[in-house]
Structure formats: C-alpha cells, structure tokens
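The structure appears right after this line, and notes come after that.
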Amino acid sequence: MLKKVVALCVALCLSLSAGSALAGKPYVARIIVEDEISEYSYYYDHVGVLAALDELMEDRDNRALLLYLNTPGGSMYEVDELYAKLMAYRETTGRPVYAFAAQAALSGGMYVAMAADKFVAARMSDLGSIGVIYTLTSEAGLYEKLGIESYIVASGDNKAFGWPELTEEQRAFLQESVDEAFDIFVQIICEARGLTREEVLAFADGRTFTAKKALEYGLIDAVMTYDEAVDALYAAAGLDDAPLVDYPAYDEEAWDDWDDMDWIQNEEDNLLDWIEERLTRGVRQDGLMALARPALREAVAR
C-alpha cells in the first residue's frame, strides 16, 4: 500500500531527526508491540521496528530498551525475526532490555519477551498461550454448494496441498512442521528462563494464565506496574533524568504537515484500505502462527 510505504519513510526520517535532537544526551528507547506481530498487521509496523533496532544499535546515546507488549502473538516468521533482532541488540550493545506485558503478551508475545534481560507484567496481564498453530482453509465444500467446479493439474499429490481436503499424510507433514517450531519455542524459553524442558511442557499446552501464575512458573521476574517497570529499567541502566523515546520515532507536528495529502484519510478510511488490501491478497492465511486462539478475551468488571 503506497501510504504505508510513504509512512515508513516518514517514520524513519523522523527517527533520524529525533536522534539528532538528542545528540550527546542519553535516552531510553521504547518499542511498542501492539496488535499481531505480522508484516500485514494494521497497528504494528514490523519493518519499521526492525529498522529502528538497527538504528539503536548504532546510537551510543541510547542506553537501554523497553519493550512494551500488548499482543496476541503472530506469524512465526516475524515473531522469530523480531526475537533475533532483539537478541542482536542485547548482545551487540550490552545494554539492559526490559519487557513489560500490559494487557496481554500471548504466544508470540511470550516468544519475543524471552529476548529481554528482565520480563515483568502488570497484575491483570493475560499471559501464556505457548504453542504453535497452523491454519489451512479449503473452499471445496463451499464451491460444491455453489455449483462451482475447480480443476487443478499438479505435478505431485502434495503440490495442491489440502485440496479438496487434507489427507492423513498431509496432516502428518503439517504436524511435523508445527512440532519443529514448537520445539524451538520451548528451547528459547528454557534458555531464557533457566527452566528444564519438562518444566516448560507442564504449562506449554496453549493455556493462558495470570501474571501471578506466570511468576510461579518462572516465566516472568516480577509483577509490577508500568511506572515501576520503567523505574527498574532506569536503575539498571544507571540513569536518572533521561528521556524515554518511542521508536520508530514519531512527531505529531511533522505528521500534521502531511494532512493535506490526498491519500491521508481518517482512521476509519485507513482501516478500510487495509481490509481491502488483505482481501485482494486472498482470504487464505496459511502458515505457522504463534497466535492465541480463539480471539483475545478480556475480563470485564461490571
């Protein structure tokens, strides 16, 4: 989508300008991971976040990183890519990295949090859903009801995978892929949290749990508020009065200069554009996902 490409360019330019404005002054970077961790997420900018981390690694004025999580997880590819980039930041710079779970850090959110030195959560955070899922949709039954005939000529039995139905052999192939990705997920938790595989498997069955329970399992280091998490990070970085800067950086005044552009619409129009683009890519979203299913639930006090 053209507007997203231009928006990314603007965000990167603004990030550079923010960096120059802070030249010579120490600061803490905050990266917000909200929505699904996916290239096609509406609120989360995967490419922008990776670029921001590359920039932060080169900036000596940056002294620490706060990863703010409110996510149901996402695509295994993007989740693992973000985890690897966070690990590169941590190992290259030696700066403290704290992950804070706000409303939710589920599935892939737990995965990326394992790259942090410390992982803390608010007491009402929704955590867990550790696991991997593969979704595959066949429209064959719908086509039959509508009287639509679909013909596929393929070079092998598994080239037209899952059409018109998923065979037992194909299901076994998918299970193997899911198991392999899950093994990596479990190993990352073991290494990050100092747990054995047996300890992780005891709760890594897809269930969600509270921050208190996550602390009992050894998955997080503390239950605390956001302000307490920020204070703890500043103490770990040896900082007192230093700004907290969002990356990819964004400046409201700079964005205001773009308001007259024809492609800039209100939030509802942008969302409709995004939905239209997703539909043109096809309704099938096949692939390995570290994503909480069913959709993220909320506990509501009434």
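The values are calculated or read from the model by the stated rules, or taken from the named source; none is laboratory data. Computed from a prediction, not measured in an experiment: that's the story for all the values here. Positions of Cβ are generated from backbone atoms using ideal geometry, with glycine treated the same way; all protein chains shown enter the neighbour counts.
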- Note on the structure: Going through (1) farther than 22 Å from residue 86 by Cα; (2) assigned to a helix (DSSP H, G or I) one by one, residue 204 fails only at (2)
- Message: Tell me whether segment 13-28 contains one or more residues that are at pLDDT 95 or above and surrounded by 18 or more Cβ atoms within 10 Å (Cβ to Cβ).
- Response: yes
- Note on the structure: With the first residue restricted to segment 152-174 and required to be part of a helix (DSSP H, G or I), and the second required to be loosely packed, with under 10 Cβ neighbours inside 10 Å and modelled with pLDDT under 90, Cβ contacts under 7 Å at 6 or more apart or on different chains are none
- Message: Tally up the residues in segment 114-158 that are of a type in the set (Lys, Arg) and more than 33 Å from the chain's Cα centre (by Cα), please.
- Response: 1
- Query: Can you name the residue in segment 114-128 that is part of a strand (DSSP E or B) and among the aliphatic types (A, V, I, L, M) and is also surrounded by the fewest Cβ atoms within 10 Å (Cβ to Cβ) among such residues?
  - Reply: 120
- Scan of segment 28-45 for residues that are in contact with a Gly (Cβ under 9 Å, 6 or more places away or on another chain) and either touching a residue at least 60 places away in the same chain (Cβ under 8 Å) or not in a loop (DSSP other than H, G, I, E, B) (or both), ordered by number: 33, 36, 37
- Criterion: among the aromatic types (Phe, Trp, Tyr), out of contact with any Gly (no Cβ under 7 Å at 6 or more places or on another chain), closer than 20 Å to residue 208 by Cβ and surrounded by fewer than 22 Cβ atoms within 10 Å (Cβ to Cβ) - qualifying residue of 77, 68: 68
- Tell me the strands (runs of 3 or more DSSP E) entirely within segment 46-113 that contain at least 3 residues that are in contact (Cβ under 8 Å) with a residue 40 or more places away in the chain and over 9 Å from the mean Cα position of the chain (by Cα). 62-71, 97-106
